Amino acid sequence: MSFLSAPYFHDEAAAYAELEATLWPHGPVCPRCGGMDRITTVKGGRIGLKRCGPCKRQFTVKVGTVFESNHVPLNQWLQAVYLMCSSKKGISSHQLMRTLDVQYKTAWFMTHRIREAMKSGRLPPLGGVGVTVEIDETFIGQKKDRPKVRGYAHKHAVMTLVQRGGSARSFHVDGTSAADLLPIIKANVEPGTRVMTDEAGQYAHLNKHFTEHDFVRHGAGEYGRGETHTNTVEGFYSVFKRGMKGVYQHCAEKHLHRYVAEFDFRYNNRARLGVGDQQRTENALRGVVGKRLTYRRTNIQA
Ligand SMILES: [Zn+2]
């Protein structure tokens, strides 16, 4: 039986039960007073409706999540989360619109809310003694109001830190000078780490901040020697760039941080780390809390 035939993708009550089990492992929690005592199911109320005895607030498990206040049935939301988690490069809003048979605007909004859920909060720095972190940057898309020129001035810059055998962390950056990148690198990588880059000038002084800094001389036709290479971060970018090109042709700058989070999420929950499609979907579901995104704030663009 395929995972997609699970009842909670097809039945709204089952979808509520699944989300409740994921977000309330110890039983329902009132979003107003935080209480867990005397919470009852409202008889004859809509699916999943609960009532807090002490503060009398009525609520469902959707309150305070990215699924809140919209007309999309929860089982369709869960299908969308699964679809975004199970395809290597993600799926576009157009594809989701066709698959779920919803309006484009709805599909667009759903994909962006799910990307919010995939965002990680504040995390401890990567690396450490004996650990290698590869750092590189890439350029994608095209900035508005900038003519296409040689070089990268008209493109958006993204920097990624990848711990070998571990996770990736990507950032939409203003530029690729040392002033743009170094503060982010220092805040996200342990000083005891061995860092690995190419020979670009912005990385020239990393050895002042980290135990060891090795670099590959791509300009000299070098791809790497032994442990000195940036193949891991380049592998991450090959998926990222193919995904952004094929699936996400029109990505407004203000949304780029969310796309970047989506690719980080799938990489950090990849099959090679033993995370299957079902587990990845459940991990994304755990991220739906506390990240509400409203139509007004995102200022929808097709
Ligand atoms: Zn309450």
**Request:** May I ask you to say which residue of Lys43, Lys88, Lys56, Lys105 is surrounded by fewer than 16 Cβ atoms within 10 Å (Cβ to Cβ), within 16 Å of the ligand (Cβ to nearest atom) and either part of a loop (DSSP other than H, G, I, E, B) or under 22 Å from the mean Cα position of the chain (by Cα) (or both)?
**Result:** Lys56
**Prompt:** Do we have Cys33 as within 20 Å of Glu68 (Cβ to Cβ), within 16 Å of the ligand (Cβ to nearest atom) and open to solvent by 50 Å² or more (accessible area, probe 1.4 Å) here?
**Reply:** yes
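The values are calculated or read from the model by the stated rules, or taken from the named source; none is laboratory data. Predicted model only: the values in this text are computed from it and were never measured. Cβ sites come from the backbone with ideal geometry, for glycine too, and all protein chains shown count toward neighbours. Surface areas here come from the heavy atoms of the whole protein model, side chains and all, with no ligands, DNA or RNA. Shrake-Rupley method; radii C 1.70, N 1.55, O 1.52, S 1.80 Å.
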